[in-house]
Structure formats: C-alpha cells, structure tokens
Amino acid sequence: ETLRLGSLLTALAEKLPLLGIKTRHGGAEELRELVTAGQVQGAFYIGVQLPRELANVPLRALHYRIVGPQRDRERLLRAGWGELAAMPWVGGSAAHHAQTMLRGVFARQGLSLRQTIESDESALPFNLVRAGVGLALVAEELALGASERQELVIWPHARLTAQLAFVYAPAAEHEPALVAVLSALRSVWG
C-alpha cells in the first residue's frame, strides 16, 4: 500500500500487456546494489538520503516512530537515548532501511542499540512489540493507530523521516520498459 504497487502494476498491465514484470523484495541497500549493478532496472528505495549514483523520482516522505511494549510504558516514557539503547530491540537485517535509520540516529548519540531479534519479515517487529518482546522502529501510521488502541507506547522524543523514491540507473533512462514504468509511476503518484 505504501508503494501503491497494485495500482502501478495494473497501469503497466493495461498499457503494455506484453511486458513481462518481475518483482523482488529486499532491503533498501540490497536493492540499490542490484540497480547499480544493472541486475534490476529500477526499485523503490527508502532512505534518509537517496543514492547519488542513481537517478530517482521522489514520491513522498515517510515518518517513523520508536515504539515499545505497553507493559514498559512508564520506563519508556522516562527513558533517554542510553536507556533505549540498552533495551531489547526487534528489527530487520542490516540492509533494511529501518535498521540503517536506527543505526544512524543511535550513532549520532554515540551509542549502538541492542538488537536481540532480527527478521526479514517487515511486519514482524511491529507484531513483536505488541506482544511485549522489545522495541522497534515502525511506520508512524501503524504506531499512532496501535498507540490509540493501547497496544504499544510511542517514545515521544524522536520522529525519524525517510524519503520514498523510485531509483534507476541513469544509463537505462531511455530503455522502453523503464520509460513505461516511469510513465506509469508518474500517473499513479501524480
């Protein structure tokens, strides 16, 4: 839903019914490397900074919040960066954009977080926070809704922002399939 992938693929299928489309899922840095190496023509990329070596179509800003289990409410609301770093964290692989963002924000504080569970399933950190396993960085829309339902607690002292963009190799800009994708992308995203 965040990528509007269904709408994009529908538009491509309608405009170019003979075009063969393959999708891949991966961490932001993994996808950047695949595009840079020419193994895929383009990718959705989420990051604090967009890769300089790739052309891009900026789509929107995405906001993230640090969240923790409801049972740790009082401790979390009083915690500073040091206390947060020492708590157990649930997150993705090192190439996932949320992990890159977290490492960066903690590094700026001179800290590294204690990740106790790593998963390549993007919904798992959110679900494990609600289950009481540890802290995570999750999309603000998810965090706000779950907080209103008292399923988790939002740490009030940080809101991290990343850019969602479609990235592609500048050399491939005139390839027919990529031209079609960029046209459909602009029509879906406005």
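The values are calculated or read from the model by the stated rules, or taken from the named source; none is laboratory data. Everything numeric here is computed off the predicted structure, so don't read it as measured data. All Cβ positions, even for glycine, are placed from backbone atoms using ideal geometry, and neighbour counts span all protein chains on display. Keep in mind that these areas ignore ligands, DNA and RNA; they rest on the heavy atoms of the full protein, side chains included. Shrake-Rupley method; radii C 1.70, N 1.55, O 1.52, S 1.80 Å.
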>> For the chain, give me the percentage of DSSP beta bridges that are antiparallel, rounded to the nearest 5 percent.
In response: 80 percent
>> Can you compute the helix-only [θ] at 222 nm over the chain? Use -39500 (n - 2.57) per DSSP H run of at least 4 residues, normalise by all residues, nearest 500 deg cm²/dmol.
In response: -11000 deg cm²/dmol
>> What percent of all Cα-Cα pairs in the chain falls into each 5 Å bin, going from 0 up to the bin containing the maximum distance?
In response: 1, 8, 15, 18, 17, 13, 10, 8, 6, 3, 1, 0
> Which of the listed residues, N56, G42, P69, is farthest toward the dipole's positive end in the stretch 1-127, when Lys, Arg count +1 and Asp, Glu count -1 at the beta-carbon?
Replying inline: P69
>> Considering only protein heavy atoms and a probe of 1.4 Å, how much of the accessible area of the stretch 91-190 is carbon and sulfur, as a whole percent?
In response: 53 percent
> Quick one: longest stretch of the chain between exposed loop trypsin sites (Lys or Arg not before Pro), exposed meaning at most 11 other C-beta atoms within 10 Å and loop per DSSP?
Replying inline: 53-148
> Contour minus end-to-end for L77 and R4, with contour as 0.36 nm per residue of separation and end-to-end as the Cα-Cα distance?
Replying inline: 22.8 nm
>> Is there a quick way to get the dipole size of the chain? I mean about its Cα centre, with the Cβ of Lys and Arg at +1 and of Asp and Glu at -1; what is the value in debye to the nearest 20?
In response: 400 debye
> Per 5 Å bin, what percent of the C-alpha pairs of the stretch 5-54 does each bin hold, from zero upward?
Replying inline: 4, 18, 26, 20, 17, 12, 3, 0
>> Please report the accessible area of E29 (heavy atoms, 1.4 Å probe, ligands and nucleic acids excluded) in Å², nearest 10.
In response: 50 Å²
>> Can you tell me which of A107, A136, A94 moves the most in a GNM of the chain? Springs connect C-alpha atoms under 10 Å apart.
In response: A107
> Between S147 and V48, what is the label-to-label distance in nm when each label sits 7 Å out along the Cα-to-Cβ direction?
Replying inline: 2.1 nm
> What is the spin-label model distance, in nm, from A13 to Q41 if the labels are put 7 Å beyond Cα along the C-beta direction?
Replying inline: 1.8 nm
> Amide H of S119: which non-local residues (sequence gap of 5 or more, or other chain) have their own amide H closer than 5 Å, using H built in the peptide plane?
Replying inline: G91, G92, S93
>> Just the number please: accessible area per residue for the stretch 45-177, 1.4 Å probe, all protein chains included, in Å².
In response: 50 Å²
>> Per residue of the stretch 143-160, what does 6.51 cos²θ - 1.76 cosθ + 1.60 with θ = phi - 60° give for ³J(HN,Hα)? Whole Hz please, x for Gly and Pro, Karplus curve as stated.
In response: 4, 5, x, 5, 5, 4, 7, 6, 8, 7, 10, 8, 5, x, 9, 8, 9, 9
> What nm value, rounded to one decimal, do you get for the distance between H157 and A107 when each label is placed 7 Å out toward the C-beta?
Replying inline: 2.1 nm
> When only the heavy atoms of the protein chains count and the probe is 1.4 Å, how do H96, H174 rank by accessible area, highest first?
Replying inline: H174, H96
